[in-house]
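Below is one structure, written out as structure tokens; the observations come after it.
The values are calculated or read from the model by the stated rules, or taken from the named source; none is laboratory data. Predicted, not measured: the structure shown is a model, and the values here were computed from it. Neighbour counts run over all protein chains shown; Cβ positions are idealised from the backbone, glycine included.
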Amino acid sequence: MTESATAQPGAEQPSGDPIGSGEKAAPSRRGFLGVALGAAAGAVIAGGAGFGAGRASAGSSASTGSTGSPAADTVPFYGTHQAGIATPAQDRLAFAAFDITSHDSQAVQVMLALWAAAAARMSAGLSIGATETAPQSPPVDTGEALGLSAGKLTITVGFGPSFFDDRFGLSAKRPAALIDLPTFAGDALDPTRTGGDLCVQACSDDPTVAFHVIRNFARIGRGTAVMRWSQLGFGRTSSTSTSQVTPRNLMGFKDGTNNIKAEDTADFDDYVWVGAETDQPWMQGGSYLVARRIRMLIEAWDADYIADQQNVFGRIKDTGAPLTGKTEFDTVDLNAKAADGALVIPGGAHIRLAAPATNGGQKILRRGYSYTDGTDPETGSLDAGLFFLAYQKDPRKQFVPIQTRLGASDALNEYIQHNGSGLFAVPPGLSAAGDWFGKSLFS
Ligand code: HEM
């Protein structure tokens, strides 16, 4: 057994002292996992809130093995809502779904507390602990992000429907909105890219920083959870702030024009944040995340002629303008007809079927990324597309009806295939050190 594994439950480090930094004699010989696990276990078992105090808070970068200047390029980790939802979308994504392997509710809470403590440090641009430990113990932090800026790192955690089975006595806490998603027309879901008890969305402008989160969460969770599937994403496919230029997806079209933007706080209240209407108070201030891995049949798309591509979306490829307008943000006129009486934006156009006007006024916050995972060994074609992420107040009223309509009639269906899926309840933000993901769910 390593030294870190023998750390005593409840062992504390001085406030602000880096985790396993080697600065202070006693803590320096204990790894993050041992010390924090002990402290977390103590707090969880005692029902206390002490875990993380002085540990999750950012210490001095000089002594902690900082991943850059803590102040620069960081997004606050604590707050009313989890970061990574209203945060303007960063450039890179590392996403993972985990399955819990333990049947011990306290072990799960300890893991979530450890994740929270580590997330607070990483979000502040800090490593989770020392990389230079006692010679015979593994480093606390895996080290690949040392010296890198946080790149506006956000870490967002959610609970899947399967988390609420009978393992942890939480079935009565399952929100009604956390449904098992129905099968949609055209679905070709791969079970190895679908579902999960937990999800972690790590977004940063630096791919190594985002990956570092998933890797270290998996490491912290070893013995309690295993990674079920994961997805890397590059190139945000949505603008989620008016300060951002609209990016293009792999089909070459501007994506995110008619999205909810961070500045639309009324839209966030109406369509994204769970409010007092929820049947589960622990979800108030949270949101529901739909993840869909949508492969693009790129070779077929690239052979399509431009007028058809534009009719598929209902927008001009170059400018992003609707077929009924001249510039990107011109109002979409779904009723406009050409001289021959045909709809200018065709009946099957993606923006017609997805628009709030077609869906009882409902909107979603899209926050997806492009992905590529090499080539299909059977066909030689690219495995690339959109890793669709969308946040909403209630998927029963938002994603499900919209995707039912799109799955049935979207002209885009000829060029895409949904092959991975997940729905997760993302609880509200963490208040301060000592809080953890879903803490009130367990109380
Ligand atoms: C590979 C799959 C997809 C691609 C390439 C894609 C691409 C696009 C593009 C280019 C636009 C127009 C620009 C914009 O307003 O953002 C758009 C709009 C939109 N998409 Fe998608 N999309 C995909 C899947 C989905 C899915 C699965 C949903 C939801 C179930 C969805 C919901 C929407 C919505 C709500 C809009 C805005 C419509 C409006 O109000 O004008 N999209 N999408």
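Some notes on this structure:
- The range 354-372 residues that are at negative phi and outside any helix (DSSP H, G or I), paired with ones that are of a type in the set (S, T, Y) and near the ligand (Cβ under 8 Å from one of its atoms) (beta carbon under 7 Å, 6 or more apart): R366/S238; R367/S238; G368/T237; G368/S238; Y369/T237; S370/T237
- Listed by first and then second residue, the pairs linking a residue in the range 377-391 that is farther than 24 Å from Q201 by Cα to a residue that is more than 12 Å from the ligand (Cβ to nearest atom) and assigned to a loop (DSSP other than H, G, I, E, B), with Cβ atoms under 9 Å apart and 6 or more places separating them unless they lie on different chains, are L382/D376.
- Exactly one residue out of W229, W282, W301 is within 14 Å of the ligand (Cβ to nearest atom) and hydrophobic (A, V, I, L, M, F, W, C), and it is W301.
- The residues listed here are T240, T156, T192, T208; of these, the one that is within 20 Å of the chain's Cα centre (by Cα), part of a strand (DSSP E or B) and either away from the ligand (no atom under 16 Å from the Cβ) or among the hydroxyl-bearing types (S, T, Y) (or both) is T156.
- Filtered residues of the range 159-179 (kept if in a loop (DSSP other than H, G, I, E, B), over 14 Å from M283 (Cα atoms) and touching a residue at least 12 places away in the same chain (Cβ under 8 Å)): R167, F168, G169, I179
- Any hit, the range 323-333, residues being in contact with a Phe, Trp or Tyr (Cβ under 6 Å, 6 or more places away or on another chain), within 27 Å of L93 (Cβ to Cβ), of a type outside the set (D, E) and touching a residue at least 12 places away in the same chain (Cβ under 8 Å): no
- Selection status of V272, β-branched (V, I, T), closer than 24 Å to T358 by Cα, away from the ligand (no atom under 12 Å from the Cβ) and surrounded by 19 or more Cβ atoms within 10 Å (Cβ to Cβ): yes
- Residue in the range 303-315 that is free of Cβ contacts under 8 Å to residues at least 60 places away in the same chain and in contact with a strand residue (DSSP E or B) (Cβ under 9 Å, 6 or more places away or on another chain) present: yes
- I294 fulfils the conditions (1) more than 9 Å from the ligand (Cβ to nearest atom); (2) touching a residue at least 12 places away in the same chain (Cβ under 8 Å) except for a single criterion, (1).
- Only residues that are surrounded by fewer than 20 Cβ atoms within 10 Å (Cβ to Cβ) and either modelled with pLDDT of 95 or more or acidic (D, E) (or both) were counted in the range 113-141, giving 1.
Conditions (1) in contact with a His (Cβ under 6 Å, 6 or more places away or on another chain); (2) of a type in the set (D, E); (3) not in a helix (DSSP H, G or I), marked per residue:
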position: P377; (1), (2), (3): no, no, yes
position: G380; (1), (2), (3): no, no, yes
position: D383; (1), (2), (3): no, yes, yes
position: R396; (1), (2), (3): no, no, yes
position: L406; (1), (2), (3): no, no, no
position: E414; (1), (2), (3): no, yes, no
position: N419; (1), (2), (3): no, no, yes
position: L430; (1), (2), (3): no, no, yes
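- Residue check, R222 of a type in the set (K, R) and within 16 Å of the ligand (Cβ to nearest atom): no
- Of all residues in the range 328-356, those satisfying the criterion of being of a type outside the set (G, A, S) and more than 13 Å from the ligand (Cβ to nearest atom) are N335, K337, D340, L343, V344, P346.
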